[in-house]
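Right, one structure below, let's go through it.
The values are calculated or read from the model by the stated rules, or taken from the named source; none is laboratory data. Because the structure is predicted, anything quoted here is derived from the model rather than measured. Glycine also receives a Cβ, built like all others from the backbone with ideal geometry; neighbour counts cover every protein chain displayed.
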Amino acid sequence: MSRILVIRLGALGDFVQSFGPFAAIRAQHPAARITLLTTRPFADLARRSPWFDEVWADGRPAWTRPGAMLGLARKLRGARFDRVYDLQTSSRSSRYRWLVGRRAEWSGIAPGASHPHANPQRDAMHTVDRQRDQLRMAGIVHFPEPALDWLDADLVGFSLPARFALLIPGASPVRPLKRWPAERFAELAASAGLPVVILGGPAEKDIAATIRAAAPDALDLTGRTSFAEIAAIARRAAWAVGNDTGPTHIVAAAGCPTLALFGEDSDPALCAPRGKAATVLRHRPLSDLSVAQVRAALPRT
């Protein structure tokens, strides 16, 4: 049995956009033992999926913790992998080639890789297209649509309305220019014409409060949902509007009609959510995007 290592450390949006490559790698190696090297936030999500036999969550130890780095090095070397698909393709993950050992075939950008992603335009490609191109150069030509029926959950405890819209008003706290103003989300909620459900992490509680001040019937689920529950909620929603943030990627991948908002701080040509009903609205600066413009771009359902 061949032993395959896949490296995908994060972040959430990038991880979701690797579902297709994960499925393609499994289809290419149906009898192999496939291990994913990732980080703790995504380990449970990966273990739920049908693509991996084992998931390691210690993929990003601090360089200042030599003991942890040594432990990872021993783990990687001891597994005696036959091939590695580095989907992270960062300077860190490329260094792991030396930890894995030279005997393993390597798909990625590490110096000396047996299957380098040698496309000089790789940095100008969307994440999904770049990874597919990388896998083609490693000999994978079949890319099945990734089944996501495993990404589901029981929603009885949330008391969802019969019909509702989703708002995803958060984004990385260190990249505020990725956020459409909370007051605009509040105005959209008040004029949505149907109940809204607010998704996000605990850090978005204040934003949710702003929205609920304008739309008191809005259901605040910030900090209350797992990744699987986000997908399950998305499948029941009429439409969704969200910033360029991880939950928006999950919602789009789940098939919900999704409008993703982009400003000057990220480029949808490189990282827009992908999904059967996903669309993008970009405005620079994002703070000047009007509610009327968003309403005009809403998915028709």
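Which residue pairs have Cβ atoms closer than 9 Å, lie 6 or more positions apart in sequence or on different chains, and pair a first residue in the range 61-79 that is touching a residue at least 40 places away in the same chain (Cβ under 8 Å) with a second residue that is assigned to a helix (DSSP H, G or I) and of a type outside the set (Asp, Glu)?
Sorted first by the residue in the range 61-79, then by its partner, the pairs are LEU76/TYR96; LEU76/LEU99; LEU76/VAL100; ALA79/VAL100.
Which condition does SER90 not pass, out of (1) farther than 15 Å from LEU270 by Cα; (2) without any contact (Cβ under 8 Å) to a residue 24 or more places away in the chain; (3) not β-branched (Val, Ile, Thr), if it passes all the others?
Every listed condition holds for SER90 apart from (2).
Among the helices (runs of 4 or more DSSP H) lying completely within the range 57-174, list those that include at least 2 residues that are closer than 30 Å to PRO257 by Cα and touching a helix residue (DSSP H, G or I) at 6+ places or on another chain (Cβ under 9 Å).
Result: 127-137.
With the structure loaded, tell me whether GLN134 is surrounded by fewer than 18 Cβ atoms within 10 Å (Cβ to Cβ) and modelled with pLDDT of 95 or more or whether it fails that test.
Answer is no for this residue.
Quick grid of which residues meet (1) under 21 Å from GLN17 (Cβ atoms); (2) among the basic types (Lys, Arg); (3) out of contact with any Phe, Trp or Tyr (no Cβ under 6 Å at 6 or more places or on another chain); (4) surrounded by fewer than 19 Cβ atoms within 10 Å (Cβ to Cβ):
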{"site": "LEU259", "(1), (2), (3), (4)": "yes, no, yes, no"}
{"site": "ALA269", "(1), (2), (3), (4)": "yes, no, yes, yes"}
{"site": "PRO273", "(1), (2), (3), (4)": "yes, no, yes, no"}
{"site": "THR279", "(1), (2), (3), (4)": "yes, no, yes, yes"}
{"site": "VAL291", "(1), (2), (3), (4)": "no, no, yes, yes"}
{"site": "ALA297", "(1), (2), (3), (4)": "no, no, yes, yes"}
{"site": "ARG300", "(1), (2), (3), (4)": "no, yes, yes, yes"}
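Of the residues PHE227, PHE185, which is in contact with a helix residue (DSSP H, G or I) (Cβ under 9 Å, 6 or more places away or on another chain) and within 21 Å of VAL294 (Cβ to Cβ)?
It is PHE185.
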